[in-house]
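The values are calculated or read from the model by the stated rules, or taken from the named source; none is laboratory data. Please read all numbers here as calculations on a predicted model, not as lab measurements. When we count neighbours, we look across all protein chains shown, and the Cβ atoms used for this are built from the backbone with ideal geometry, even at glycine.
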Ligand code: GCB
């Protein structure tokens with residue numbers, strides 16, 4: 001799905017800002033009373049994009065399980081009246097029903113990917129009422145995975161739901177990313193797929209354009225970063241050859257512009273020429289080994305929760321540079337398109353993950369064989385992979401697809417399930433390696449061999465052998481070797497960490513102190529350095545973040561190397577020094 005751009009043909013109107021907002025008093029109230037049929041009553045101001053949870057000080061809104069309603073006017077300019085108009089949501093978490101002037105025009109499930117709908121048939125020049133019903137409810141058919149139950153009517157209002165979720169981040173909800181209305185000509189460039197390769201000094205750009213409607217042929221030009229023409233072609237599919245290509249390199253990005261004209265339409269896509277491959281021990285970008293240094297992150301900040309914050313994102317990239325990182329994983333869901341575009345421009349490597357998280361809920365009972373994760377989960381998992389691929393396929397920053405985080409891969413049903421998602425993703429994309437992120441041990445895992453890399457989450461001396469730092473080195477080196485011998489794949493440490501309260505100092509080091517986090521990482525890193533098949537390390541986590549309330553979580557997850565307000569803990573300096581050399 002193409003990102004909406006503005007040029008002499010296409011126009012974009014941003015529908016961000018303050019919307020009217022109302023929470024339902026009982027589940028389904030808005031639908032029963034047809035809140036979409038007339039202007040919303042008893043509303044409060046709500047910013048978009050933002051999570052609604054922490055905007056007010058109303059606990060019942062923060063913890064609400066069910067639907068909330070957003071509404072605003074959309075002005076259609078007179079000179080748009082004969083144009084094709086598309087309404088596009090960057091993301092609505094987790095379910096959306098969209099109405100224009102009281103008529104339902106779109107539905108979407110999945111809280112971290114965009115969706116769009118043509119609106120010309122439903123709007124008139126002048127003012128139009130746009131209403132969006134948003135639900136944060138999750139069940140076994142959703143990613144992330146949750147369990148929805150009826151609340152006990154003895155203690156809760158009739159019909160109220162309770163949501164249990166095992167994923168370790170607060171279930172922020174709302175209209176999280178920009179809402180845009182954009183125009184295209186009637187015959188328009190619908191999709192572009194670019195695959196790049198390198199042959200000696202030549203860069204090869206394999207492109208495929210999908211045009212909807214009747215037009216003359218496509219005209220393709222490739223421009224370098226100075227706007228100079230480097231290659232051109234005619235036709236909706238073909239290969240461009242770029243002599244002496246400037247490659248998109250790690251932390252030294254070079255972007256070309258693929259400029260497409262089809263009939264009246266015009267679209268320009270930034271592209272990077274690069275390849276990604278793996279061997280039994282290494283990850284290679286442009287044929288050169290790269291060691292991934294960076295973090296699992298979260299979209300998370302005060303007040304706006306998971307709402308897009310470009311200032312925060314820009315700052316996070318500055319911190320990534322300060323600490324000498326070159327990569328991150330979009331744990332545990334696709335991040336905003338704006339974040340991916342910044343990675344493209346700045347040469348960061350991204351492991352792009354779908355929200356297949358929270359499926360370890362039933363541990364140690366079987367998941368796949370008990371029908372908890374079954375055909376409906378699998379169907380949505382595949383749809384989400386397709387949507388992720390369609391959104392992110394042209395980003396040079398995306399070097400690996402991560403298909404799930406910590407599923408129960410020892411279950412008898414796990415292999416068949418993972419074969420399905422792996423085959424699905426490989427059929428979509430044959431240019432990027434696939435990873436499964438696991439907390440399982442190799443003796444029990446049944447799916448590792450399907451993937452190109454193994455992502456391991458390991459918390460020795462934290463969740464296991466707590467405060468026994470000496471256990472880390474022997475356990476990790478042993479375990480890593482067994483994983484590598486079994487799969488013959490490079491291993492990446494996708495998570496390791498210890499909760500640390502910034503400013504809490506203890507000598508000798510004890511858990512939750514900054515000193516403990518420093519010693520913890522020194523021991524882990526010593527083990528990683530002694531395993532030649534390890535291709536990267538992502539300490540968990542970049543910054544502290546909000547979680548559901550729980551006795552193991554004091555004001556959220558504190559495993560950040562930075563605090564939630566982005567100040568470094570002592571261990572950040574360990575990595576800054578280490579990564580300047582590694
Ligand atoms: C994990 C999860 C991550 C948690 C982390 C923790 O294995 O993948 O979502 O936040 O552990 O801190 O427990």
Lone unmet requirement of (1) in a loop (DSSP other than H, G, I, E, B); (2) under 25 Å from the mean Cα position of the chain (by Cα) for residue 190: (1)
- prompt: Within region 145-162, can one find any residue that is in contact (Cβ under 8 Å) with a residue 60 or more places away in the chain, within 16 Å of the ligand (Cβ to nearest atom), in contact with a strand residue (DSSP E or B) (Cβ under 9 Å, 6 or more places away or on another chain) and not assigned by TED's automatic domain parsing to the domain that holds residue 560?
  reply: yes
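Just checking, how many residues over region 151-181 are outside any loop (DSSP other than H, G, I, E, B) and surrounded by fewer than 22 Cβ atoms within 10 Å (Cβ to Cβ)?
Restricting attention to region 151-181, the residues satisfying the condition of being outside any loop (DSSP other than H, G, I, E, B) are 161-165, 174-175, 179-181.
Narrowing the set further to residues that are surrounded by fewer than 22 Cβ atoms within 10 Å (Cβ to Cβ) leaves 161-165, 180.
Total meeting the criteria: 6.
Can you tell which of 79, 54 is surrounded by fewer than 17 Cβ atoms within 10 Å (Cβ to Cβ) and either assigned by TED's automatic domain parsing to the domain that holds residue 96 or modelled with pLDDT under 95 (or both)? Can you show your working first?
Working: 54 fails: surrounded by fewer than 17 Cβ atoms within 10 Å (Cβ to Cβ).
Every option except 79 fails the conditions.
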- request: At least 3 residues that are under 20 Å from residue 46 (Cα atoms) in each: list the strands (runs of 3 or more DSSP E) lying fully within region 89-149 that qualify.
  value: 95-100, 126-135
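Among helices (runs of 4 or more DSSP H) lying entirely in region 324-443, which contain 2 or more residues that are buried (at least 18 other Cβ atoms within 10 Å of the Cβ) and in contact (Cβ under 8 Å) with a residue 60 or more places away in the chain? Break it down into steps so the answer makes sense when it comes.
On the way: elements: 337-346, 375-392, 414-428.
Qualifying helices (runs of 4 or more DSSP H): 337-346, 375-392.
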task: Filter region 530-549 down to the residues that are assigned to a loop (DSSP other than H, G, I, E, B) and more than 20 Å from the chain's Cα centre (by Cα), then identify the one that is farthest from the ligand (Cβ to nearest atom).
output: 532
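Looking at region 228-247, which of its residues are outside any strand (DSSP E or B) and under 28 Å from residue 186 (Cα atoms)?
Applying the first criterion (outside any strand (DSSP E or B)) to region 228-247 yields 228, 235-236, 243-247.
Correct list: 235, 236.
Consider residue 527 carefully, then state whether it is crowded, with 18+ Cβ neighbours inside 10 Å, over 17 Å from residue 435 (Cβ atoms) and within 15 Å of the ligand (Cβ to nearest atom).
Details: crowded, with 18+ Cβ neighbours inside 10 Å: yes; over 17 Å from residue 435 (Cβ atoms): yes; within 15 Å of the ligand (Cβ to nearest atom): no.
Answer is no for this residue.
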- request: Scan 559, 552 and give me the residue that is modelled with pLDDT under 95 and within 15 Å of the ligand (Cβ to nearest atom).
  value: 552
- request: Could you list, in sequence order, all residues of region 471-493 that are surrounded by 15 or more Cβ atoms within 10 Å (Cβ to Cβ) and not in a helix (DSSP H, G or I)?
  value: 489, 490, 491, 492, 493
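Of these, 107, 10, which one is within 30 Å of residue 162 (Cβ to Cβ) and at pLDDT 95 or above? Break it down stepwise before answering.
Values: 10 fails: within 30 Å of residue 162 (Cβ to Cβ).
Exactly one of 107, 10 is within 30 Å of residue 162 (Cβ to Cβ) and at pLDDT 95 or above, namely 107.
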- request: Select from region 444-470 the residues that are in contact with a helix residue (DSSP H, G or I) (Cβ under 6 Å, 6 or more places away or on another chain) and not in a loop (DSSP other than H, G, I, E, B) and write down the one among them that is farthest from the ligand (Cβ to nearest atom).
  value: 449
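Given the criterion more than 30 Å from residue 165 (Cα to Cα), in contact (Cβ under 8 Å) with a residue 60 or more places away in the chain and surrounded by 17 or more Cβ atoms within 10 Å (Cβ to Cβ), identify the matching residue among 38, 84, 88. Don't jump to the end; show me each part of the working.
Values: 38 fails: surrounded by 17 or more Cβ atoms within 10 Å (Cβ to Cβ); 88 fails: more than 30 Å from residue 165 (Cα to Cα).
When all the criteria are applied, what remains is 84.
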